[in-house]
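Below is one structure, written out as structure tokens; comments come after it.
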Amino acid sequence: MFYNVWAKLKVKDVAKLEEKELLVYVQRVINETIRRMNKEIPRPGLKGVTSADVLKGIAWEKREINRKYLEKEKEKKEVIEPWNRNDWGFVKKHLFKGTIGTISNFELMTKFCFFLKRPLRKLANLECEVLGN
């Protein structure tokens, strides 16, 4: 957090600041970091409220607001069933028309991995499964 505040409040050339000016700048960054951590950033240990909310005594109200919001979002969320082998056959048949004989299942999976989160990790795991490492 300190580094992010430092980068945001950065003066033109910190290296040219005199020692006294640098201390003042560092103290300003420290104060801003403390303010943000206590008043702006919710804490998971406090169940999604800030330290300032707890001190003000409004933590219970904010937790209730957060809980209602999460319930509302959960109701909106659509449940999607995972794909099975028949779905893959359909995709392979229609997406790669004309290249069916030339594309392997490994190549198809490689292309699909780039639609997932962390595609390179998925590819590495896929390669281990296929090659038996």
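Among the residues of the range 102-128, what is the count of those that are at pLDDT below 70, surrounded by 11 or more Cβ atoms within 10 Å (Cβ to Cβ) and in a helix (DSSP H, G or I)? Count: 1. Would you tally the residues in the range 42-54 being surrounded by fewer than 13 Cβ atoms within 10 Å (Cβ to Cβ) and modelled with pLDDT of 85 or more? Going through the range 42-54 one residue at a time, the tally reaches 0. Can you tell me which residue in the range 20-41 is surrounded by the most Cβ atoms within 10 Å (Cβ to Cβ), limited to those that are among the polar types (S, T, N, Q) and under 14 Å from L9 (Cα atoms)? So, considering only residues that are among the polar types (S, T, N, Q) and under 14 Å from L9 (Cα atoms), the one surrounded by the most Cβ atoms within 10 Å (Cβ to Cβ) is T33.
The values are calculated or read from the model by the stated rules, or taken from the named source; none is laboratory data. These numbers come from a predicted model, not from an experiment. Don't worry about glycine lacking a Cβ; one is built from the backbone with ideal geometry, like all the others, and counts go over all protein chains shown.
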